[in-house]
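For reference, the structure discussed in these notes is given below.
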Amino acid sequence: MAVFQFKFFSVSQKNATHKVGTDAMVLGAVVTLENASQVMDIGTWTGVLSLMLAQKSPSVQVDAIEIDQPSFLEAEQNVRESNYKTQIQVLQGDFLEFPFEKKYDLLVSNPPYFLTQNGNLDPRKSTARHALSLTPERLFAKAAEITCAWSRFYVIYPIESQAEFELAALEQGWYPNKRYLLKGKMDKTKRVITCFSKVKVPVQEVLITIRDEQGKYTDEYKELTKEYHSKTL
């Protein structure tokens, strides 16, 4: 699907290393914006998460950074053609090296999550999917530099990588506050979205089942994403 049509915007993804999927839909849907005005979207790809967050509040300002030039250009186009172009700035560069000039209240990322060095034959997909340079340790360390004491950081990763991501976060002073366990079907958790903060509190866990045993979207998923899907699921 070259263009993914949302309720209030569309996303071109013909050049994207990743297409819009349920990971992005759920991540964008569960993020809350309380006390957040400056937001950073790390590895924006098509710009989909930035657009979803801008839709939530007209007062939020989002900086979206992307290292891959084709994806950056596509994200820039998607933002420019949306109703949220005054809220979103798309930046091209390496998140780890970029000279940010502000502090952010909220960060969100669907980062490279394969914690191996095998890579992919396609160098663009390898950068997007494998933690070759943007390792969990470096991700959380850089995030700590550009945030405030009250900032929050939402990250999605496979359930198999949970221990590595949470250990890396703790080493940089980020504590898990809330976990969303995403089940593709009734019996298997595939992804985890964790909201981290710099304050240690009891961790809340929420189960979200995306598809039922027949492979159809659950009522729970439909309700969660109803403000974004342009058609009835």
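The values are calculated or read from the model by the stated rules, or taken from the named source; none is laboratory data. If you're wondering where the values come from, they're calculated on a predicted model, not measured in any experiment. A quick note on method: Cβ atoms are made from the backbone with ideal geometry, for glycine too, and the neighbour counts reach across all protein chains shown.
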| remark: So, first residue within 19 Å of Leu33 (Cα to Cα) and outside any helix (DSSP H, G or I) in segment 126-153, second residue at pLDDT below 95 and of a type outside the set (Lys, Arg), Cβ within less than 8 Å, six or more apart or across chains; the pairs are Trp150/Asn35
| task | Determine if segment 176-192 includes at least one residue that is at pLDDT 75 or above and either in a loop (DSSP other than H, G, I, E, B) or of a type in the set (Phe, Trp, Tyr) (or both). | result | yes
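Just to be sure before I move on: is Glu97 among the acidic types (Asp, Glu), in contact with a Phe, Trp or Tyr (Cβ under 9 Å, 6 or more places away or on another chain) and either at pLDDT 95 or above or not in a helix (DSSP H, G or I) (or both) in the structure I sent?
Values: among the acidic types (Asp, Glu): yes; in contact with a Phe, Trp or Tyr (Cβ under 9 Å, 6 or more places away or on another chain): no; either at pLDDT 95 or above or not in a helix (DSSP H, G or I) (or both): yes.
When the stated conditions are applied, Glu97 does not pass them.
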| request: For Arg129, state whether it is modelled with pLDDT under 95 and under 24 Å from Thr22 (Cα atoms). | output: yes
| Restricting attention to segment 154-170, which residues are surrounded by 16 or more Cβ atoms within 10 Å (Cβ to Cβ) and either among the aliphatic types (A, V, I, L, M) or assigned to a helix (DSSP H, G or I) (or both)? | Val155, Ile156, Ser161, Gln162, Glu164, Phe165, Glu166, Ala168, Ala169
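Residue-by-condition table, conditions (1) out of contact with any helix residue (DSSP H, G or I) (no Cβ under 6 Å at 6 or more places or on another chain); (2) without any contact (Cβ under 8 Å) to a residue 40 or more places away in the chain:
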position: Lys7; (1), (2): yes, no
position: Val11; (1), (2): no, no
position: Asn15; (1), (2): no, no
position: Val26; (1), (2): yes, no
position: Thr32; (1), (2): yes, yes
position: Ser37; (1), (2): yes, no
position: Met40; (1), (2): yes, no
position: Trp45; (1), (2): no, no
position: Gln55; (1), (2): yes, no
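Filter segment 1-25 down to the residues that are within 14 Å of Ser109 (Cβ to Cβ) and surrounded by fewer than 21 Cβ atoms within 10 Å (Cβ to Cβ) and list them by number. If you could, list the steps in order and put the result at the bottom.
Kept after step one, since they are within 14 Å of Ser109 (Cβ to Cβ), are these residues of segment 1-25: 18, 23-24.
His18, Asp23 - these are the residues of segment 1-25 that are within 14 Å of Ser109 (Cβ to Cβ) and surrounded by fewer than 21 Cβ atoms within 10 Å (Cβ to Cβ).
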| request: Could you grab me the full set of residues in segment 211-224 that are out of contact with any Asp or Glu (no Cβ under 6 Å at 6 or more places or on another chain), closer than 14 Å to Leu182 by Cα and assigned to a loop (DSSP other than H, G, I, E, B)? | output: Asp212
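Could you count how many residues in segment 193-210 are assigned to a strand (DSSP E or B) and surrounded by 12 or more Cβ atoms within 10 Å (Cβ to Cβ)? If you could, list the steps in order and put the result at the bottom.
Let us first name the residues in segment 193-210 that are assigned to a strand (DSSP E or B), namely 193-197, 204-209.
Subset that is surrounded by 12 or more Cβ atoms within 10 Å (Cβ to Cβ): 193-197, 208-209.
Result for segment 193-210: 7.
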| Is there a residue being out of contact with any strand residue (DSSP E or B) (no Cβ under 6 Å at 6 or more places or on another chain), of a type in the set (Ser, Thr, Tyr), buried (at least 20 other Cβ atoms within 10 Å of the Cβ) and touching a residue at least 60 places away in the same chain (Cβ under 8 Å) anywhere in segment 75-91? | yes
| field | Flag for Leu134 being touching a strand residue (DSSP E or B) at 6+ places or on another chain (Cβ under 9 Å), modelled with pLDDT under 95, under 22 Å from Phe98 (Cα atoms) and not acidic (Asp, Glu) | value | yes
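Please work out if Val62 is part of a helix (DSSP H, G or I) and touching a Ser or Thr at 6+ places or on another chain (Cβ under 9 Å). Don't jump to the end; show me each part of the working.
Details: part of a helix (DSSP H, G or I): no; touching a Ser or Thr at 6+ places or on another chain (Cβ under 9 Å): yes.
No; evaluated as a whole, the condition is false for this residue.
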| Odd one out for Gly173, checked against (1) on the phi > 0 side of the Ramachandran plot; (2) not basic (Lys, Arg); (3) not in a loop (DSSP other than H, G, I, E, B) | (3)
| remark: Flagged in segment 39-59 as surrounded by 21 or more Cβ atoms within 10 Å (Cβ to Cβ), assigned to a helix (DSSP H, G or I) and of a type outside the set (A, V, I, L, M, F, W, C), in numbering order, are Ser50
